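Structure first, commentary second.
The values are calculated or read from the model by the stated rules, or taken from the named source; none is laboratory data. It should be emphasised that the depicted structure is a prediction, and the values quoted were computed from it without experimental measurement. Here the Cβ positions follow ideal geometry from the backbone for every residue, glycine too, while neighbour counts run over all protein chains shown. What goes into the accessible areas is simple: the full protein's heavy atoms, side chains included, and nothing from ligands, DNA or RNA. Shrake-Rupley method; radii C 1.70, N 1.55, O 1.52, S 1.80 Å.
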Amino acid sequence: MWAQEIVAGRPAWRHVPSGVVFRAVPGGTFRMGLSDAELEAVRAIERADGADDNLEAFFAGAVRARPVREVRVEPFLIARHPLTVAQVRHWLPEYEDSFAESASNTARLEDDLDDLLGASPFRLPSEAEWEYAARAGTTTLTFRGDGRPDEDQVLGDFVDEERTAAAENAFGLAAMGSANEICADVWIPHFTDAPADARPRTGDGPRVVRGGGGDLHPWQGCDEWLLLLSATRDEAQDFTAVRPAAPVPTSQGT
């Protein structure tokens with residue numbers, strides 16, 4: 001079921017039936033949430049006239065990604081990039097995507113999300129796993145640093161292997177933040193009393209989504225760059241992308 005390969009110069013696990021490439025994320029601890037230093041970095045961007053508009057609403061909503069806490073994460077696999085239209089069709093052959101220009105584009109699922117989750121052998125990452133994977137050892141606004149992300153950092157098509165490789169972070173993951181990726185957690189608008197490990201928070205209601213900078217492409221000058229930040233989180237609405245997770249295989253066959 002699994003084959004170990006080198007993809008873009010890094011070790012990878014390929015799920016042979018579907019062809020989806022996964023990276024092994026090492027375990028560790030990290031500070032999850034929007035830190036004081038990150039808030040100050042956004043203020044610095046605003047003071048330097050790097051914001052398109054007044055960011056009062058962003059700062060008022062920062063409580064949704066706070067309080068910052070230390071979280072333990074066990075090793076796991078996560079897909080190198082969100083599932084594409086072609087990859088979703090491995091499990092849902094009749095899948096159609098009105099948002100996609102080609103089969104190599106990120107798939108955005110609506111009513112067929114539950115069908116995909118039921119048909120594939122994978123799970124959704126918890127949002128703690130997602131943020132840990134997005135940060136890849138960094139503590140800055142994005143893995144690239146505290147500067148304002150540019151629109152050219154958005155990646156929603158994976159036909160160009162060179163461009164995909166250039167977009168990877170230190171864990172070998174591309175397009176973190178480009179699509180609004182659904183997580184296993186139910187939406188709770190803060191981190192108060194959240195677990196100190198990477199278990200998803202359960203309950204009734206919509207799930208959490210992370211990212212979404214590419215879902216508003218081309219940008220209209222409404223500070224869409226904030227959706228690329230590692231700590232940005234929101235409540236799932238309408239369509240969503242899927243970046244599946246899985247246990248680290250014990251061998252190439254399992």
The one condition in (1) more than 26 Å from residue 59 (Cβ to Cβ); (2) open to solvent by 20 Å² or more (accessible area, probe 1.4 Å); (3) of a type in the set (Ser, Thr, Tyr); (4) in contact (Cβ under 8 Å) with a residue 24 or more places away in the chain that residue 138 fails to fulfil: (1)
Failed item in (1) touching a residue at least 60 places away in the same chain (Cβ under 8 Å); (2) touching a Lys or Arg at 6+ places or on another chain (Cβ under 9 Å), with residue 183 passing the rest: (1)
Count - residues of segment 5-48 that are more than 30 Å from residue 86 (Cα to Cα), open to solvent by less than 70 Å² (accessible area, probe 1.4 Å) and hydroxyl-bearing (Ser, Thr, Tyr): 1
Test set (1) at pLDDT 95 or above; (2) part of a loop (DSSP other than H, G, I, E, B) - residue 97 fails condition number: (1)
Selection status of residue 224, acidic (Asp, Glu), closer than 16 Å to residue 80 by Cα and open to solvent by less than 20 Å² (accessible area, probe 1.4 Å): no
Listing of strands (runs of 3 or more DSSP E) fully contained in segment 1-47 that carry 3 or more residues being among the hydrophobic types (A, V, I, L, M, F, W, C): 2-7, 21-25
